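Contents: one structure, followed by commentary.
The values are calculated or read from the model by the stated rules, or taken from the named source; none is laboratory data. Small disclaimer: the values here were computed from a predicted structure and weren't measured. Cβ coordinates were reconstructed from backbone atoms using ideal geometry, including for glycine residues, and neighbour counts include every protein chain displayed. Keep in mind that these areas ignore ligands, DNA and RNA; they rest on the heavy atoms of the full protein, side chains included. Shrake-Rupley method; radii C 1.70, N 1.55, O 1.52, S 1.80 Å.
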Amino acid sequence: MKEKVQEVLDKIRPSLQADGGDVELVDVSEQGIVKVRLTGACKGCPMSQMTLKNGIERLLLKEIPAIKGVEPAE
């Protein structure tokens, strides 16, 4: 499942990179929770939580039914 998640993140990546940021896949749990780390300009952006939930999580839930949610990695 990790490979599928990476493929979806690769679709989102150009949009994030256009704003000077990026996303890094950290882990996919057996329960379907994806942990990602926002990097670059996204790391400290006040909109990062919105990017995480409304962008990354929404697309992952749509494309991979087994995914239950997305959380930021510590």
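Odds and ends about this structure:
- Criterion (on the phi > 0 side of the Ramachandran plot and in contact with a Lys or Arg (Cβ under 8 Å, 6 or more places away or on another chain)) met by exactly one of GLY32, GLY21: GLY32
- LEU60 open to solvent by less than 50 Å² (accessible area, probe 1.4 Å), in a helix (DSSP H, G or I) and in contact with a helix residue (DSSP H, G or I) (Cβ under 6 Å, 6 or more places away or on another chain): yes
- Close Cβ contacts (under 7 Å, 6 or more residues apart or on different chains) running from residues in the range 1-20 that are within 16 Å of LYS43 (Cα to Cα) to residues that are of a type in the set (S, T, N, Q) are absent.
- Counting the residues of the range 40-52 that are surrounded by 13 or more Cβ atoms within 10 Å (Cβ to Cβ) and under 11 Å from the mean Cα position of the chain (by Cα) gives 3.
- Unmet requirement for GLN31, which otherwise passes all of (1) open to solvent by less than 90 Å² (accessible area, probe 1.4 Å); (2) modelled with pLDDT of 95 or more: (1)
- Selection from the range 29-57 of residues that are farther than 17 Å from LYS4 by Cα and part of a helix (DSSP H, G or I): SER48, GLN49, MET50, THR51, LEU52, LYS53, ASN54
- Every residue from the range 34-49 that is touching a helix residue (DSSP H, G or I) at 6+ places or on another chain (Cβ under 7 Å), modelled with pLDDT of 90 or more and within 14 Å of LEU16 (Cβ to Cβ): VAL36, LEU38
- Of all residues in the range 9-28, those that are part of a loop (DSSP other than H, G, I, E, B) and either open to solvent by 80 Å² or more (accessible area, probe 1.4 Å) or in contact with a Ser or Thr (Cβ under 9 Å, 6 or more places away or on another chain) (or both) total 1.
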